[in-house]
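Asks: Can you keep this structure in mind? I'll have questions shortly.
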There are 2 protein chains.
Amino acid sequence: MSYNILTVSREFGSGGHSIAKEVAEKLGIPYYDREIVDKIAVETGFSPEFIVEESEYAKSRSIFAYAFSFKGTPGVMGGLSPWDYLWTVQKKVILEVAEKGPCVIIGRCADYILKDRDDVLNVFIHADKEYRAQRIVALYGETDKPPLKRLEEKDSKRGYHYRHFTDKIWGMSQNYHLSLDSHVVGEQKCVDLIVDIMKK
Amino acid sequence: MSYNILTVSREFGSGGHSIAKEVAEKLGIPYYDREIVDKIAVETGFSPEFIVEESEYAKSRSIFAYAFSFKGTPGVMGGLSPWDYLWTVQKKVILEVAEKGPCVIIGRCADYILKDRDDVLNVFIHADKEYRAQRIVALYGETDKPPLKRLEEKDSKRGYHYRHFTDKIWGMSQNYHLSLDSHVVGEQKCVDLIVDIMKK
């Protein structure tokens, strides 16, 4: 295949996760999501829960707030905030994983982290809010928070995190080779199209 | 077909124009680009050159600058600036064209103007600058201005125009159902994919 690595960025509830997984299965290559969290946990000592939340959803935190909350004792993090330290390790882990061979990597700014390679296909999956709201309720059940609010919060955090670490706008077409509305295109068609281009 | 109207927005030199035209031919439906300019010219009395330039590339102009350049005599434009008047007629013409039946409309914020219809497929075509630079030199020849500068100027004006009249960011994946890198996907594959979804 001319592309060895696929990165899939996605709006919450758009089906990007299952599309990425099915593409990996069809191509017979590994799929990295939770595995990246585990690798980062080993390197940093951070809990998997902290990594899951902070490796895609970092909120706006000022150095000022950090200085007070951590009492200025950076330890092994070499003077970096926990979030900058996490970003450094996340980059290292993603670069290492990509070095190992063909694979699919979901989220975590992998499109940006791997920008210097020329064998990476970057895909963004999105869909209208009504479709995604129904999908997350079917998949994850109801919570106290209305599904539209859950979507907006997750998307907003992913967007902030991407902007903060890459200085680019999350979801801009130009960051990806394909941006697909999974509701309109259909999840199966998204899978087939991506597989087709990866094999080209 | 479940979609009657296709709108194609595109980066300059990305091949969006020829992709849109071929889709229209394959579907046997009309393709509107120059025809929209002619209709606007009849309604407004503006020259086709002014319309071509201003219906996609409006530059930032302050009301202050307008007041001085037009001496405050709005005439038939009902107190609107020429650019706001052009936008009003452009919206009217695009809504009328879409009412007539299935068609392909290129650029001119048609995705936004037709946002209240549910039978419109919105596509954005883009590509890396090197590919587009080679393409515009092959298609339109060299000029005094370097091709990369020509691309950047056109894209920047299209982006400003879109933002000014729609309050949205030109090129954001969520504004379109499909955003395709024509260099990576291939022009023919873009055509086939769009035709396939239009027919779905």
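The values are calculated or read from the model by the stated rules, or taken from the named source; none is laboratory data. Fair warning: this is a prediction, and the values are worked out from it, not measured in the lab. As a convention, Cβ positions derive from the backbone with ideal geometry for all residues, glycine included, and neighbour counts pool all protein chains shown.
Asks: I'd like the full set of residues that are under 25 Å from B:D155 (Cβ atoms), at pLDDT below 95 and over 16 Å from the mean Cα position of the chain (by Cα), limited to region B:16-47.
Replies: Hits for region B:16-47 are B:F46, B:S47.
Asks: Taking the residues in region B:1-12 that are under 13 Å from the mean Cα position of the chain (by Cα) and not charged (D, E, K, R) as candidates, determine which candidate is nearest to the other protein chains (Cβ to nearest Cβ). Can you show your working first?
Replies: First, the residues of region B:1-12 that are under 13 Å from the mean Cα position of the chain (by Cα): B:6-12.
Filter once more, keeping what is not charged (D, E, K, R): B:6-9, B:12.
Details: B:L6: 12, B:T7: 13, B:V8: 13, B:S9: 9, B:F12: 13 Å.
Top of the filtered list is B:S9.
Asks: Does region B:119-126 contain at least one residue that is closer than 30 Å to B:S2 by Cα, touching a Ser or Thr at 6+ places or on another chain (Cβ under 7 Å) and of a type in the set (F, W, Y)?
Replies: The answer is yes, given that some residue of region B:119-126 is closer than 30 Å to B:S2 by Cα, touching a Ser or Thr at 6+ places or on another chain (Cβ under 7 Å) and of a type in the set (F, W, Y).
For every residue, the table says whether it meets (1) in a helix (DSSP H, G or I); (2) in contact with a Pro (Cβ under 6 Å, 6 or more places away or on another chain); (3) crowded, with 18+ Cβ neighbours inside 10 Å; (4) basic (K, R).
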residue: B:S2; (1), (2), (3), (4): no, no, no, no
residue: B:V8; (1), (2), (3), (4): no, no, yes, no
residue: B:S14; (1), (2), (3), (4): no, no, yes, no
residue: B:I19; (1), (2), (3), (4): yes, no, yes, no
residue: B:E25; (1), (2), (3), (4): yes, no, no, no
residue: B:E35; (1), (2), (3), (4): yes, no, no, no
residue: B:I40; (1), (2), (3), (4): yes, no, yes, no
residue: B:E43; (1), (2), (3), (4): yes, no, no, no
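Asks: Name the residues in region B:1-50 that are among the charged types (D, E, K, R) and either closer than 24 Å to B:L139 by Cβ or in contact with a Ser or Thr (Cβ under 9 Å, 6 or more places away or on another chain) (or both), would you? Steps first, please.
Replies: The initial filter retains those residues of region B:1-50 that are among the charged types (D, E, K, R), namely B:10-11, B:21-22, B:25-26, B:33-35, B:38-39, B:43, B:49.
Listed by number, the residues that qualify are B:R10, B:E11, B:K21, B:E22, B:E25, B:K26, B:D33, B:R34, B:E35, B:D38, B:E49.
Asks: Counting only residues that are within 7 Å of chain A (Cβ to nearest Cβ) and not polar (S, T, N, Q), how many does region B:177-200 have? Spell out the reasoning first.
Replies: Restricting attention to region B:177-200, the residues satisfying the condition of being within 7 Å of chain A (Cβ to nearest Cβ) are B:177-181, B:184-185, B:193, B:197.
When the remaining residues are screened for being not polar (S, T, N, Q), the result is B:177-178, B:180-181, B:184-185, B:193, B:197.
Residues meeting the conditions: 8.
Asks: Restricting attention to region B:141-176, and to residues there that are more than 9 Å from every other protein chain (Cβ to nearest Cβ) and of a type in the set (S, T, N, Q), which single residue is farthest from B:G107 (Cα to Cα)? So that I can check it myself, show each step before the final result.
Replies: The initial filter retains those residues of region B:141-176 that are more than 9 Å from every other protein chain (Cβ to nearest Cβ), namely B:141-168, B:170.
Filter once more, so that each one left must be of a type in the set (S, T, N, Q): B:143, B:156, B:166.
Details: B:T143: 24, B:S156: 14, B:T166: 13 Å.
Only one residue fits best here, namely B:T143.
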